[in-house]
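Okay, so here's the structure we're looking at.
What follows is calculated from the coordinates using simple rules that are stated; it is not laboratory data. What you are looking at is a predicted structure, and each value in this text was computed from that prediction instead of being measured. Heads up, the Cβs are rebuilt from the backbone with ideal geometry, glycines too, and the neighbour counts pull from every protein chain shown.
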């Protein structure tokens, strides 16, 4: 291997959601700051398919195509390959490290993961290094993947989007992120919002903003907003536009049926929102933080928690949230990447 490739890394990015794409860009930038030569190979989104099994297969093929293309174009072999998500690693052309927010063993139960789970188990056992986003993701992994010392928990860096703008007016009552609206429980959020409105909590002009989806996507998911009062669906937004709205919101409200990590919730906390959420299965990293900050805002009574957040917020919540997010700070992730990840990845 020529010396110029001694610290080269190829990241194969599935990027099936905006959160995954941001996480991959963050990791690539962190590794570059630590002195690595990083290339990001982005899978191209396949056509929409009717089942999760077919969808995962199409994304796995897209990731393989991206990896094969990137490897073919390089002047020399990269020192290491890192697959972002277990789906990206399913059909890998070359073994590598696997980074994942949640395994198919946890989020593809029953018929939805008939082919994914056994192949994932094999890939996790073959990978030289595993990089779960959280301890919860590692716990959901098959037992064989947890043996030995191959795992390094590496969270996604979360920072305030504009530290200087934290003191701006909070003129939006609540915001939610609803890509994949059924999984995110948008129907439950809308029901809670309407009940709060019916009880006349808050100002009559208060709005709930729905980001990450369009009205057409909501109709396809069987969600009708015809009778929804003071609800605005935002459609497509850039990351900057979305975070600018989060900085204006008093509350981030969500009711996921399963949460693989909760990066939108962590970002909302970083930008000064109170987090209102129902409990959810999965490695929901923001959930224990939300419970610690104000247990009144986490529970099955979403409408009651939302009303409490709007009417009776605890003083000092935002300052304590900033302290709780310290392990997710970019400088902490950079330290883990430089001191632990790269020495193991490039060994």
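Between helix 18-33 and the chain there is an angle of about 50 degrees, using the helix long axis and the longest principal axis of the Cα atoms. Note on the chain: with a GNM built from Cα contacts shorter than 10 Å, the maximum mean-square fluctuation among 90, 53, 31 falls on 53. Once the Cβ-Cβ distance of residue 332 and residue 258 is raised to the sixth power relative to R0 = 35 Å, the FRET efficiency obtained is 0.85.
Straightening the chain between residue 54 and residue 111 buys 19.4 nm, computed as 0.36 nm per residue apart minus the Cα-Cα spacing. Within the stretch 163-326, the proportion of C-alpha pairs whose separation exceeds 19 Å stands at 50%.
Taking 15 Å as the cut-off, the amide N atoms of the stretch 307-333 that come nearer than this to a point 7 Å along the Cα-to-beta-carbon line of residue 135 belong to 327-328. Principal axis extents of the C-alpha atoms in the stretch 1-153 (largest first, rounded to whole Å): 47, 37, 25. When restricted to Cα atoms, the stretch 39-98 yields an Rg and a Dmax of 11.9, 39 Å, respectively.
Can you compute the helix-only [θ] at 222 nm over the chain? Use -39500 (n - 2.57) per DSSP H run of at least 4 residues, normalise by all residues, nearest 500 deg cm²/dmol.
Calculated from helices alone, the mean residue ellipticity at 222 nm is -11000 deg cm²/dmol.
Relative to the dominant Cα principal axis of the chain, helix 239-248 is inclined by about 30°.
Its alpha carbons considered, the stretch 58-140 gives a radius of gyration followed by a Dmax of 13.0, 43 Å. Placing a label point 7 Å from the Cα of residue 170 along the Cα-to-Cβ direction, the residues of the stretch 245-266 whose backbone N falls under 17 Å from that point are 245-254, 265-266. With no solvent and one point per C-alpha, what does the Debye sum give as log10 I(q)/I(0) for the stretch 107-254 at q = 0.10, 0.14 Å⁻¹? Debye intensities relative to I(0), on a log10 scale: -0.54, -0.87. For helix 52-73, report the angle its Cα long axis makes with the longest principal axis of the Cα atoms of the chain; keep it between 0 and 90° and round to the nearest 10°. Result, in degrees: 50.
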